[in-house]
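A.B. asks: Structure provided below as structure tokens; questions to follow.
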Amino acid sequence: MITPPRLRFAPSPTGYLHVGGARTALFNWLLARKTGGKFLLRIEDTDRARSTDDSTRAIFEGMTWLGLDWDEEVTFQGANLARHQRDAHALLASGAAYRDFTTGEELDRLRKDAEAAGEQFRFDRRLAELPADELQSRLDRGDPFTIRFRVPEGATGWVDMVHGQIEFPNKDIDDFIILRSDGTPIYNLAVVSDDIATAITLVMRGDDHISNTPKQILLYRALGAALPTFAHLPMILGSDGKKLSKRHGATAVGDYHGLGILPDAMCNFLALLGWSPGGDREVMTRQELIDYFSEDGLLKKAAVFDATKLEWMNGQHLAQTPIDALDAYLRPFLVRADLTTAEAIAERTEWWHRLLELLRVRARTVNELVAQCRPYFVDEVLYDADAAAKQWKDPAASAELLQAVRERLAEGEWEAGAMETALRALGEARGIGVGKIFQPMRVALTGVAATPGIFDVLLAVGRERSLARLDAAVVHLTRSSIAG
Ligand code: GLU
């Protein structure tokens, strides 16, 4: 590897940014950031029919969300058509490529014949060998032709950064087209031409491209360019061992954003699909990923995408991210969920950070966390049916108990120690454990039974609101005891 390397991510904008693409982008980015190299982004939009602006936008959004910033200006492959054509013609001029006038119909027929004979179709170079005068007259007539690369004899190999030595006998490689008859380049030519033009020194991509690599190496050589290092990352499988696809659930990076995964958690998780820092190190910050990332940790064997593990890892990041960074990320979610406004929360930052510290260790996703925040922000508490059924089994008794709680709390100071003393005294007076008091209170104060410690809840909800919520629960329970 030439250091510092120049790397690139070269997605085709023909769909959303999927996790496999994001993993490739991340590995390139990590290596660039680790080594002080450059990370370039190239949108491979040469397939006009399948490329869409929406997809290009999804790539930018996904990369931005993941925090994978690129160096230098984004390039669009489609804009380099003239260079691709120049390179193809240079190969033609040097004899490394040749014109092929074989028509599409003829090729189809040959393909069918081969199929019927149970053979694999191979293009026979002799089909394209025309006597000089015929060649000239066809050119004069303006007959369409493709430009094919003349695959030399021998073998083509490289030392892959992930897989080690790989070699293909050239006899297994057909003379492949590099320029179609309409003058548009074939993928392998466009990629090589662009990688040479942007001085890429390390091509890291999914191992579905391994079979393209010998063709690309032949093109580099024929164009007289230095070869980059190649690294082919292992496939990502679903939990059933099959290639990851929509059947396994969300595969678009944007979906995980929507599901409440933190970008740092997503990067951490993706980094472990085909790389290991060694030991049992798993939860890592972005900076730690950069620090530990190295080519030695790249793995050959296919990686398994385990969504449960992603959620677990996200919980770890929710708990460990510095509070200011987490706050900055969460605020738009709170505003979007209608819990607060940017101005209102800016005035209560201290309160909000205390609440966030309480709740963040209890959630696995941002969406879960936002849902848990709700009762602390909005006026109305919605009682979860299961929690109410379980904790308020006897509505009349619960109403009476909560009324007593309300009175004790209203009398004393709004401070954890004083509140605890008051409620323990209530428990003793009634001969019941405090759990029997705290659980019904939780439902009254937040609507749910699983909350942080009850005194933390009381302080976070605040005196006025807590007392009002106890009152409201008493009214609600009294009504249902009468109705029941
Ligand atoms: N555009 C190709 C793809 O999306 C990647 C090309 C490459 O990385 O060489 O699969």
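Every number here is computed from the coordinates shown, using simple stated rules; none is lab data. Everything numeric in this text was worked out from a predicted model, so none of it was measured. In this analysis, Cβ positions are derived from the backbone assuming ideal geometry, glycine residues included, and neighbour counts consider all displayed protein chains.
A.B. asks: With (1) in contact with a Phe, Trp or Tyr (Cβ under 9 Å, 6 or more places away or on another chain); (2) among the polar types (S, T, N, Q); (3) within 20 Å of Gly95 (Cα to Cα) as the list, and Thr213 as the residue in question, which single condition is left unmet?
C.D. replies: So Thr213 meets the others, but not (3).
A.B. asks: Taking the criterion of being in a helix (DSSP H, G or I), closer than 27 Å to Gly447 by Cβ and in contact with a His (Cβ under 7 Å, 6 or more places away or on another chain), would at least one residue in the range 308-325 satisfy it?
C.D. replies: yes
A.B. asks: Can you go through His209, His163 and tell me which one is near the ligand (Cβ under 9 Å from one of its atoms) and in contact (Cβ under 8 Å) with a residue 12 or more places away in the chain?
C.D. replies: It is His209.
A.B. asks: Right, next: Of all residues in the range 227-246 being within 27 Å of Ser276 (Cβ to Cβ) and among the aliphatic types (A, V, I, L, M), which is farthest from the ligand (Cβ to nearest atom)?
C.D. replies: Ranking the candidates gives Leu237 first.
A.B. asks: Just a yes or no: is a residue in the range 365-373 of a type outside the set (Ser, Thr, Tyr) and exposed (fewer than 13 other Cβ atoms within 10 Å of the Cβ)?
C.D. replies: no
A.B. asks: I need the helices (runs of 4 or more DSSP H) fully contained in the range 373-484, keeping only those with at least 3 residues that are within 39 Å of the chain's Cα centre (by Cα) and more than 30 Å from Arg331 (Cβ to Cβ).
C.D. replies: 385-391
A.B. asks: Now for a separate question. From the list Gly249, Gly258, Gly224, pick out the single residue that is in contact (Cβ under 8 Å) with a residue 24 or more places away in the chain, surrounded by fewer than 16 Cβ atoms within 10 Å (Cβ to Cβ) and away from the ligand (no atom under 15 Å from the Cβ).
C.D. replies: Result of the check over Gly249, Gly258, Gly224: Gly249.
A.B. asks: If you scan the range 166-206, which residues turn out to be assigned to a loop (DSSP other than H, G, I, E, B), within 16 Å of the ligand (Cβ to nearest atom) and not hydrophobic (A, V, I, L, M, F, W, C)?
C.D. replies: Once the filter is applied, which keeps residues that are assigned to a loop (DSSP other than H, G, I, E, B), within 16 Å of the ligand (Cβ to nearest atom) and not hydrophobic (A, V, I, L, M, F, W, C), the range 166-206 yields Thr184, Thr198, Thr201.
A.B. asks: Still on this structure, I have one more. Just to be sure I understand the filter: pairs with C-beta atoms under 6 Å, separated by 6 or more residues or on different chains, first member in the range 450-469 and more than 15 Å from Glu357 (Cα to Cα), second member assigned to a loop (DSSP other than H, G, I, E, B) and of a type in the set (A, V, I, L, M). Which pairs pass?
C.D. replies: Pairs that qualify, where the first residue is more than 15 Å from Glu357 (Cα to Cα) and the partner is assigned to a loop (DSSP other than H, G, I, E, B) and of a type in the set (A, V, I, L, M), are Arg469/Val381.
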